[in-house]
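FYI, it's all coordinate maths here, none of it is from the lab. Keep in mind it's a predicted model, so treat the numbers as computed, not measured. Please note: Cβ atoms are built from the backbone with ideal geometry, for glycine as well, and neighbour counts cover all protein chains shown.
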């Protein structure tokens, strides 16, 4: 088993293999690119930017493959020789050369090798000029490739980000050049279609200026790969400008604007050339871009450069992030340390039971030497025969001893009593240690939970802020037109939801127009709803309205003879567009059960509103109950439903809770609990589901069915009208009381999903 673990590749090995595969692929692609007919500066440049060791070797292999598959024998020999000379020279001096040395090596090798071929042409003017251009391009692109693939961390992150973004754009452009000759149906170039999609994304999620620059760079790359007029340079950049005008008006106007710009470019270059294939490629790219999910583009947009106002603010944010990250690492180290030092061995084996019993009974026996020396093997066999008896019953009896041992030992009864006493002591000690270990592990786990919380906060502080400056200007302009002087912030929160905050003492002027919210929605280009604050407080929060509306209905009944139900529930939404519905059932009924379930809900609410994942929040709550359980009666079940009100994706978390049900049409699906409460851990949590319009989810406490037979409940759900969740919940309570009585608290929560009007 140890050999298998040793031979299995580690995560680090898999990462290295992925890096080598990526470097080999990129090197082969760049080595196959030809410009001006037969020149290829990109493969040698990428090889010059490769690190030493295995990564450099696989880069060399890729460059050789690229040189072999794209060109005649003479051209291939030229770049194979150049690649071998570059790799050998750089890696021979790798440990002592300065940063500029690889650029100088590539420049020198390409100058020497290229001079041989220029001399072979008799120093013809065009060949000589292209030799000089290729030499400078190969040497210069070493810097861009090294910058694109270099990790950025530490104090240089802000200063190097812009340079790395430009270098990544150049790397992507040259990689797409290798895909440009590949065509589908003899019409659609894969490289050019991908380039158009990239320009569309940068323009739509970035800005008009970024899209124009990206279009110019990618267009120039496509023109170089084709070797014709600079058509794509002009077309991509010009189309990005036209599309950028409509980037905040919705995806369809944006795409139509880009297609209009591309069509004008084709008409402009029509004379003598057939550029109609560019329209086909543009149309294919527009279809691909239209199918891209908004959430995926929002996540990818974090890699686009954003202008941050205030360098001091940015550095303060980075400083805070580093401090939080250091604190998280400290708690992680503390957790690892105390966990390692707490692993005391348990020496209470079965052998100890017999040794201690013999010590107490046999030491003073005059026949001790006969039993434990002369007949030692027989005595040990007798003791071993009692081991399965103790394991199954927990106690031994005199009849469990062999007849010959009872006759030869006049202290058999005392020995059995001593063995039973020692067995009870060992069992009690084991139970105590198990309970102590359980509580200790729960206490240690708190350090790990704090470390995870701080790490999550550190990642959020280090992530790029998606500030919508263009929308801020539009909103301020609209408010100034209404004579409202205000401070405005428009940005996207985690998950991509648009959030606008307005601070002004004149917000009451908006009340003059009954359609003020609809008009603000038109300004920002999305449907809005109000968040915290109101027009009279001087602070207004506007959020992108969720496309789904969830109506929640609840009904409950107390146990007979009780004045307070032990069930507690709550429902709330977060700024990220998540709806949380939580139902907790405290152990028993009455005020004490209500206190336990209410405390569980309050703790969960605070963590979930703070952005903590349900899994981590439930783990923290579970360990808290382990720590404060005391007599073992302090616990509560939790039934938690999380719904993304933008996509309908939901997850049902259960900790010892009763089954839940989802109704679609006449069909009802049952979601059962894994059978543990918060005292027992939170493994096997989370059942993924989707709530689409017309779907109904029902959560209930265990008093509703009073047993595993819930067929009547599913039949009732299939027949009842789901248009009114509150009425449905009350009807289920009524049917349950008729069927099982009122011997326990009952709570039903129904969640109906609809399209927002």
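Worth a mention:
- At R0 = 45 Å, FRET efficiency that the Cβ-Cβ distance of residue 115 and residue 163 yields, to 0.05: 0.90
- Relative packing of peptides 384-390, 352-358 - highest average C-beta neighbours within 10 Å first: 352-358, 384-390
- Per-residue extension of 0.36 nm, minus the Cα-Cα distance of residue 367 and residue 595, leaves a gain of 75.7 nm for this segment.
- Here region 351-434 was treated as a single set of alpha-carbon atoms; its pair distances binned every 10 Å from 0 give 17, 55, 23, 5, 0 percent.
- Annotation for region 393-433 versus region 216-259: alpha-carbon center distance of 89 Å.
- Gyration tensor (alpha-carbon) shape descriptor, region 548-755, a/c threshold 1.5: oblate
- Amide N proximity, region 547-571 versus residue 692 label position 7 Å along Cα-to-Cβ, cut-off under 18 Å: 547-550
- A Förster distance of 45 Å, applied to the separation of the beta-carbon atoms of residue 188 and residue 80, puts the FRET efficiency at 0.90.
- Pairwise label distance in nanometres, residue 572 with residue 36, each label 7 Å out on the Cα-Cβ vector: 6.6
- Between residue 649 and residue 93, the modelled label-to-label distance comes to 5.2 nm, taking each label 7 Å out from Cα in the direction of the beta carbon.
- Nearest-0.05 FRET efficiency for residue 57 and residue 129, computed from C-beta distance (R0 25 Å): 0.15
- Length gained on full extension, residue 549 to residue 606, computed as 0.36 nm times the residue gap minus the Cα-Cα distance: 18.2 nm.
- As a rough footprinting exposure proxy, the listed residues 499, 430 were ranked by other beta carbons within 10 Å of their own, and the order from fewest upward is 430, 499.
- Relative contact order of region 548-755, pairs being alpha-carbon contacts under 8 Å that are 6 or more residues apart, as %: 29
- Region 724-745-region 476-499 distance, computed between alpha-carbon centres (Å): 47
- Extension gain for the segment residue 277 to residue 721, taken as residue separation times 0.36 nm less the Cα-Cα distance, is 154.2 nm to one decimal.
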